[in-house]
1. Any idea how many residues of segment 20-35 are among the aromatic types (Phe, Trp, Tyr) and in a strand (DSSP E or B)?
2. Could you please let me know if Phe32 is modelled with pLDDT of 95 or more and over 18 Å from Asn96 (Cα atoms)?
3. Of everything in segment 46-93 that's of a type in the set (A, V, I, L, M, F, W, C) and part of a helix (DSSP H, G or I), which residue is farthest from Ser1 (Cα to Cα)?
4. State all residues of segment 140-185 that are open to solvent by 70 Å² or more (accessible area, probe 1.4 Å), aliphatic (A, V, I, L, M) and at pLDDT 70 or above; if no residue qualifies, say none.
5. Those residues that are open to solvent by 20 Å² or more (accessible area, probe 1.4 Å), at pLDDT 90 or above and hydrophobic (A, V, I, L, M, F, W, C), I need them from segment 89-120; list them, please.
6. If I go through segment 30-66 residue by residue, how many of them are open to solvent by 50 Å² or more (accessible area, probe 1.4 Å), in contact (Cβ under 8 Å) with a residue 40 or more places away in the chain and in contact with a Phe, Trp or Tyr (Cβ under 8 Å, 6 or more places away or on another chain)?
7. Go through segment 2-17 and give me each residue that's assigned to a helix (DSSP H, G or I) and surrounded by fewer than 21 Cβ atoms within 10 Å (Cβ to Cβ).
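The values are calculated or read from the model by the stated rules, or taken from the named source; none is laboratory data. Every value quoted in this text rests on a predicted model; they were computed, and no experiment measured them. Positions of Cβ are generated from backbone atoms using ideal geometry, with glycine treated the same way; all protein chains shown enter the neighbour counts. The area values use the complete protein model at the heavy-atom level, side chains included, leaving out ligands, DNA and RNA. Shrake-Rupley method; radii C 1.70, N 1.55, O 1.52, S 1.80 Å.
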Amino acid sequence: SQTDDLSNEYEKEKFLNDYLCNNVTYSETGEFVGTAYGALVLNSALCEGYSRAFKLLCNRAGIECDLVTGKSEGEGHMWNRVNIDRKLSYVDVTWNDRAEYRTYTYFNITEEQLKFDHSFFPLLNELSQEEISGGCSFNFTYKECTYTGNTYYEKTGRVLWLDSFGTAAEKIKETYKSGGSYTEFMFETE
């Protein structure tokens, strides 16, 4: 219900990302850490719990959201694919929730951006019956996520050209003057 008064899907999605980052502590131990219940009620989850909670909240807010599985840093991992204004992108709330601060590095990014440190498990239809029976992890669907323009950095004017240090300095001053203690940028080279 807290998203009802927000004006668009992007604002609702950002609110839900921030809500989880503010209220959930990453944990690998506990009976419910892989569930939405663990994240939303017990405030403790690992990536699966974050992702399941984000999917549940997005779907309840009218936002299409799916679970995606793969690996990151050599370990099994789960994140989300969202459809914001009929444009698909990825969100990894777990990786947006840093112990010392919140980041938006993994908020509405493309497949190309995500593949720097995430890899996808295969699709179910790409596996043999033996692999499935053996417990091989998989994804049910694949939808290409190539749209740019929905990241936090693009929405807030924090995409800068690699040689735009003057602009970066001005944005840092603005953040400091408004009472902020940190800011982030996305740098483009092309």
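1. Counting residues in segment 20-35 that are among the aromatic types (Phe, Trp, Tyr) and in a strand (DSSP E or B) gives 1.
2. yes
3. It comes out as Cys47.
4. Correct list: Ile172 only.
5. Trp95
6. 0
7. Tyr10, Glu11, Lys14, Phe15
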